[in-house]
Amino acid sequence: MHVTPDRRLQPVTRAVRTCTRQPAWSRFTSSCTRRRRLPSAFPVIDGAFQPIHSHVFEANLRNSQVCQQRYMELRNEVLKGGGEKGIARHTLKNKKILVRDRLHKLLDDDDYLELSPFAGLGLSYGDIPSAGCITGIGKINGLWCVFIANDATVKGGTSYPITVKKQLRAQEVAIQNRLPCVYLVDSGGAFLPLQSDIFPDKNHGGRIFYNEAIMSALKIPQVAVVCGSCTAGGAYVPLMAEEAVMVHRIGTIFLGGPPLVKAATGEDVSPEDLGGARLHTEVSGYVDHFAAVESEAYECARNIISTLNFKLPGERHTEAEEPVHIVEELMGLAPRSYRYSMDVRLIVSRLTDGSRFQEFKARYGTTLLTGFARIEGHQVGIIANNGELTYEASLKGAHFVQLCDQRDIPLIFLQNTAPGPVHTLSQDKAETHSNKLKAQGAMMSSVACASTPKITVVIGGCHGVDSYAMCGRSFDPNFLFLWPNAKVSILAPDFAGTLEQDEDKALHINKQLKEESSAFYSSGRLWDDGVILPQDTRKVLSKCLRIIKQQEYQMSREKQKTTLFRM
Ligand code: COA
């Protein structure tokens, strides 16, 4: 695929030529100004696919349709939360609003970015819909905020190990992108049968409260709304937040509930008297705001967010150019396996504004595509696999990452890494491989150390060491999403035979790799921030870029020496 100059650029080129023939003083004349004002002078990529590739396109399309079907099924499953019994208990017995309706009241609109909705599905201890907790980023009075909302229809909102992991990841997103954080707390504390996987370790439950303190010290505002039980561990979330709101007759905060008091002292006490909203706003001072009903609490939280010292720019409606090519065609470009990958330019041309792309080092290390583009007006550097990450490709990647870091341009990694190792069978090969490793090390170092924001989308394979250089999860991208066709495993399925001589063992490992490499398996375990459909990628990327940018508008950002203490 060749980069072709855009015809629409030709008049501008002529204007530049005219300009160079004029004397120096005339550089400020209108023809030069016209050139500077161009929104994007990047060339349009030729993103049309050739008829010869139609069978690959068709096979990818069929696979993507199956994956999309699975995506829809899981989406419907998680929307049911804890199921009929849990919903009836929550709404009829406990008279509470369902978690998604709470978000509807809290946020400006339903156009929020939900994180890892499939987390908790297919785990060894069962299916925990949305890990019992909805997390994401939505706007409150125009300000992007992370929300962490327990779903009490799932086992009373208790915390499973995956719930803790999901909350910690949401806090990490808040920290990395400096976003205010709102907790909707409705939790019975630890899910006791799995207490040993929730309580003692560094990244277990206590880390949530530790993070709250650190976030406050980093001047990341946090608001808690107590809209259900906050028992045991749950009690510490509002305690450590900077401001807390509590709903009368719905919210309770205590370490041990009325049954425990009865067992210990023989005294009968109501939940309201033991730790209700009146007690905590009028007597203990544990909570700052009293809300008579739930909807009042979300209004109160919105008002608190309005007091944060952000100076947002006025809404500007600049029309971004849509890609020239049909975005839905990404379904046929999403590779069903590495062997079905087509030139990644075809994918890039369906993601960028006007399908424009300013390629960097087009003739060197051609198995990695690097270059600049805009996504809904945001300038980005794109790094996309277009084959094996060779010595040259890795050096080029390292160079480009540093270039973007130097210019503070966010990086988008489109990851589709090679399915298995290449064996070293000769001395020549050994030398080639060790050079390649050194170059990959350089790329990994530049990715790890780049301070510019990074977003990774796994568009195909996420295998082996190449995936680290392409900013895999362990390299801390601000966000990491998977397409539903993505495969995540150290080796691709069918590659175990290259390492394992024993046929039975190879068959067994291949079967395991197949099961464990699906995008939904990965997302169930929270190895990513969610599965997104290829045709939604441009919108998701644009939203992430807007979210990341918001920190520039916080007026007071300097780190405090200490956290805010609740008095
Ligand atoms: N661990 C494991 N399961 C728990 C649990 C816990 N800490 N707390 C509640 N559950 C389960 C219940 O067994 C029930 O399961 P089921 O649906 O299979 O019957 C489900 O969660 C809902 O609990 P239920 O008591 O029926 O609902 P509720 O709305 O009336 O009350 C709570 C919810 C959370 C207020 C109440 O269950 C409670 O106080 N639990 C104990 C909390 C506690 O002491 N935690 C200490 C953790 S260290």
Item to complete: Kindly rank 454-466, 505-517 from highest to lowest mean number of other beta carbons found within 10 Å of each residue.
Response: 454-466, 505-517
Fill in: Helix-derived mean residue ellipticity, 222 nm - over the chain, DSSP H n ≥ 4, -39500 (n - 2.57), to 500
-11000 deg cm²/dmol
Worksheet item: Working from the pairwise distances between different alpha carbons, so that the mean of 1/r is found and then inverted, what is the chain's Kirkwood radius in Å?
Response: 25.8
Fill in: Residue-level accessible surface for LEU218, protein heavy atoms, 1.4 Å, Å²
40
Worksheet item: Using a probe of 1.4 angstrom, how much of the accessible area of the chain is carbon and sulfur, in percent?
Response: 54
Item to complete: Take every DSSP beta bridge whose two residues both sit in the chain, then give the antiparallel share in percent to the nearest 5.
Response: 40
Practice prompt. For LYS396, go through the lysines and keep the ones whose alpha-carbon is under 30 Å away, minus same-chain ones fewer than eight residues off.
Written response: LYS361, LYS429, LYS436, LYS438, LYS454, LYS487, LYS539, LYS543, LYS549
Worksheet item: Any idea how far the Cα center of the range 192-218 sits from the one of the range 320-340, in Å?
Response: 41
Worksheet entry | Rounded, prolate or oblate (a/c below 1.5 giving rounded, otherwise prolate when a/b exceeds b/c) for the range 418-503 by Cα gyration tensor | oblate
Discussion item. What whole-number distance in Å separates the alpha-carbon centres of the range 388-427 and the range 110-173?
Written reply: 33
Worksheet item: So how do 128-134, 374-380 stack up, highest first, on mean other-Cβ count within 10 Å?
Response: 128-134, 374-380
Worksheet item: Rounded, prolate or oblate: which fits the range 79-139 when a ≥ b ≥ c are the square roots of the eigenvalues of the alpha-carbon gyration tensor, with rounded for a/c under 1.5 and prolate only if a/b beats b/c?
Response: oblate
Item to complete: Give the percent of DSSP beta bridges with both residues in the range 83-305 that are antiparallel, rounded to the nearest 5.
Response: 35
Worksheet item: How would you order 51-62, 350-361 from highest to lowest mean count of nearby Cβ atoms within 10 Å?
Response: 350-361, 51-62
Worksheet, complete the sentence: Under the rule rounded for a/c under 1.5, else prolate if a/b exceeds b/c, else oblate, using alpha carbon gyration tensor axes a ≥ b ≥ c, the range 83-305 is classed as rounded
Worksheet item: Over the range 83-305, what relative contact order in percent results from Cα pairs under 8 Å that are six or more residues apart?
Response: 16
Worksheet item: Once you charge only the Cβ atoms, +1 for Lys and Arg and -1 for Asp and Glu, what is the size of the charge dipole of the chain about its Cα centre, to the nearest 20 debye?
Response: 1940
Response to the item:
The farthest towards the positive end of the charge dipole of the chain, of the residues GLY332, VAL226, GLN550, given +1 on Cβ of Lys and Arg and -1 on Cβ of Asp and Glu, is GLN550
Discussion item. Using the crude model of +1 on Lys and Arg Cβ and -1 on Asp and Glu Cβ, and no other charge, please compute the dipole size for the range 83-305 relative to its Cα centre, in debye to 20.
Written reply: 360
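The values are calculated or read from the model by the stated rules, or taken from the named source; none is laboratory data. This one's a predicted model, so the numbers in the text were calculated from it and none came from an experiment. Here the Cβ is made from the backbone with ideal geometry for all residues, glycine too, and neighbour counts use every protein chain on show. Ligands, DNA and RNA are excluded from the accessible area calculation, which covers all protein heavy atoms including side chains. Shrake-Rupley method; radii C 1.70, N 1.55, O 1.52, S 1.80 Å.
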